[in-house]
Amino acid sequence: MLSGGVGAAKFLSGLVQLVDPQSVTAIVNTADDTILHGLNISPDIDTLTYTLAGAIDTKRGWGLRDETWRAMNSLLRFENIRPVGSLAAPTWFNLGDADLATHFYRTARLQEGATLTQVTDEIRRAFDVQVRIIPMCDQTVSTEITVASCDASVSGQTISFQEYFVRHQHSVPVQSVGFRGSETAIFGALDELRASDAIVIAPSNPIVSIGPLRALAGVDEALTARREKVIAVSPIIAGAALKGPADRMLRELGHEASVVGIARLYSSVCATLVIDHADKDRRSEIEATGMHCVVTNTVMSDPIAARNLAQVVIESVM
Ligand code: GDP
């Protein structure tokens with residue numbers, strides 16, 4: 001599975017109810033990764049790990065259940081003494097006390113010379129997760145968002161993904177998206193794509209979650225070679241994202257924010273698109289892009305809905 005964060009994690013939790021988790025590999029976006037407090041943070045990888053471990057805070061949608069915030073609250077002590085221009089002790093990105101332990105471990109191991117692939121696997125084992133979780137690459141690739149002209153202080157500026165998503169709560173208009181480092185980064189799972197029985201493109205943001213994987217050399221070619229075995233679940237339902245900025249971002253970048261827009265983005269690499277009943281009237285437009293179209297309930301509101309969706313995906317592609 002090509003994967004972003006929450007939508008992908010919910011789908012995987014449905015899939016592992018049906019197939020041996022050890023037969024599933026998630027290849028995960030790392031272009032949202034960031035360094036804060038000197039710590040390496042991999043939000044999408046952690047969302048998958050915590051969800052599959054049954055440890056995610058489902059209400060908040062990120063971070064660990066039963067979390068406490070003493071470290072975050074203690075950062076406030078430094079608010080008034082931080083020199084102008086210093087970025088020390090930022091408080092706009094919340095990291096819970098138990099979550100910090102994951103970032104401590106990842107950072108220390110990377111500093112010892114381990115690769116992100118190795119560390120991700122170690123953290124997965126520490127959480128007793130059976131699904132293989134592979135970062136899309138071991139090199140740094142960073143999503144950069146150029147903000148369109150607007151009233152906000154960042155008008156016209158290029159900012160990091162987390163500044164856009166968390167600090168500005170994705171409320172500023174996007175002019176363009178780039179993935180710095182993607183020209184030289186090496187996709188770590190081409191063999192897995194070639195050898196897999198089927199490839200699922202998760203219901204994730206097509207621009208900033210699936211986009212970074214597809215920006216790496218060889219990925220679109222590997223998908224195209226297996227096109228009949230590639231199936232995507234639309235993250236857009238009835239013209240809207242269930243959460244986050246995917247619909248707005250698609251429109252701002254000149255795409256249609258609909259299942260048809262998703263089909264146009266994916267049809268060259270993917271033979272089948274799974275859409276929600278809410279979009280069934282658009283089936284013929286999807287088929288006009290050269291894709292098969294499967295209609296089912298795609299809102300994963302609980303584990304049973306996620307399992308049912310996974311069942312339809314397996315039956316459609318295997
Ligand atoms: P992140 O979770 O914030 O990292 O962002 P992702 O790229 O992984 O996922 C965001 C997209 O997933 C949004 O467009 C959502 O609409 C979509 N999504 C989340 N949950 C579901 C779901 O239950 N069903 C479907 N079809 N899409 C979902």
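A few points about this structure:
- Pairs, first free of Cβ contacts under 8 Å to residues at least 60 places away in the same chain in the stretch 100-111, second in a helix (DSSP H, G or I) and surrounded by fewer than 18 Cβ atoms within 10 Å (Cβ to Cβ), C-beta under 9 Å, six or more apart: Thr102/Ala126; Tyr105/Glu122; Tyr105/Ala126; Arg109/Gln118; Arg109/Glu122
- Yes/no for Gly156 being more than 15 Å from the ligand (Cβ to nearest atom) and assigned to a loop (DSSP other than H, G, I, E, B): yes
- Annotation: of all residues in the stretch 167-181 being under 30 Å from Ala225 (Cα atoms) and without any contact (Cβ under 8 Å) to a residue 60 or more places away in the chain, the one that is surrounded by the most Cβ atoms within 10 Å (Cβ to Cβ) is Gly181.
- Within the stretch 1-32, being surrounded by fewer than 24 Cβ atoms within 10 Å (Cβ to Cβ) and among the acidic types (Asp, Glu) holds for one residue alone: Asp20.
- Tyr164 meets each of the listed conditions (1) without any contact (Cβ under 8 Å) to a residue 40 or more places away in the chain; (2) surrounded by fewer than 21 Cβ atoms within 10 Å (Cβ to Cβ); (3) in a helix (DSSP H, G or I); (4) not charged (D, E, K, R) apart from (2).
- Residue tally, condition of a type outside the set (A, V, I, L, M, F, W, C), within 18 Å of the chain's Cα centre (by Cα) and under 24 Å from Gln22 (Cα atoms), over the stretch 93-141: 7
- Meets criteria (out of contact with any His (no Cβ under 7 Å at 6 or more places or on another chain) and over 20 Å from Thr143 (Cβ atoms)) for Val295: no
- Residue match in the stretch 284-294 (condition: in contact (Cβ under 8 Å) with a residue 60 or more places away in the chain, touching a helix residue (DSSP H, G or I) at 6+ places or on another chain (Cβ under 6 Å) and either under 30 Å from Ile186 (Cβ atoms) or loosely packed, with under 15 Cβ neighbours inside 10 Å (or both)): no
- Of the candidates Ser284, Ser268, the single residue that is away from the ligand (no atom under 15 Å from the Cβ), among the polar types (S, T, N, Q) and either under 14 Å from Pro203 (Cα atoms) or outside any helix (DSSP H, G or I) (or both) is Ser268.
- Residue pairs meeting the criteria (Cβ under 6 Å; at least 6 apart or on separate chains; first among the polar types (S, T, N, Q), in the stretch 1-21; second more than 11 Å from the ligand (Cβ to nearest atom)): Ser3/Ala26; Gln17/Arg307
- Residues in the stretch 16-45 that are closer than 21 Å to Ala305 by Cα and within 13 Å of the ligand (Cβ to nearest atom): Ala26 alone.
- Residue in the stretch 50-68 that is over 14 Å from Ile134 (Cβ atoms), of a type in the set (Gly, Ala, Ser), at pLDDT 95 or above and in contact with an Asp or Glu (Cβ under 8 Å, 6 or more places away or on another chain) present: yes
- Residues of the stretch 53-68 satisfying the condition of being away from the ligand (no atom under 16 Å from the Cβ) and surrounded by fewer than 14 Cβ atoms within 10 Å (Cβ to Cβ): Gly54, Asp66, Thr68
Residue-wise test of (1) near the ligand (Cβ under 10 Å from one of its atoms); (2) of a type in the set (Phe, Trp, Tyr); (3) within 27 Å of Ser160 (Cβ to Cβ); (4) assigned to a helix (DSSP H, G or I).
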position: Val208; (1), (2), (3), (4): yes, no, yes, no
position: Gly211; (1), (2), (3), (4): yes, no, yes, yes
position: Leu250; (1), (2), (3), (4): yes, no, yes, yes
position: Leu273; (1), (2), (3), (4): no, no, no, no
position: Val295; (1), (2), (3), (4): no, no, no, no
position: Thr298; (1), (2), (3), (4): yes, no, no, no
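- Criterion: over 22 Å from Gly211 (Cα atoms), buried (at least 18 other Cβ atoms within 10 Å of the Cβ) and either away from the ligand (no atom under 14 Å from the Cβ) or at pLDDT 95 or above (or both) - qualifying residue of Ala306, Ala278: Ala306
The values are calculated or read from the model by the stated rules, or taken from the named source; none is laboratory data. If you're wondering where the values come from, they're calculated on a predicted model, not measured in any experiment. So basically every Cβ, Gly included, is an ideal-geometry build from the backbone, and we count neighbours across all protein chains shown.
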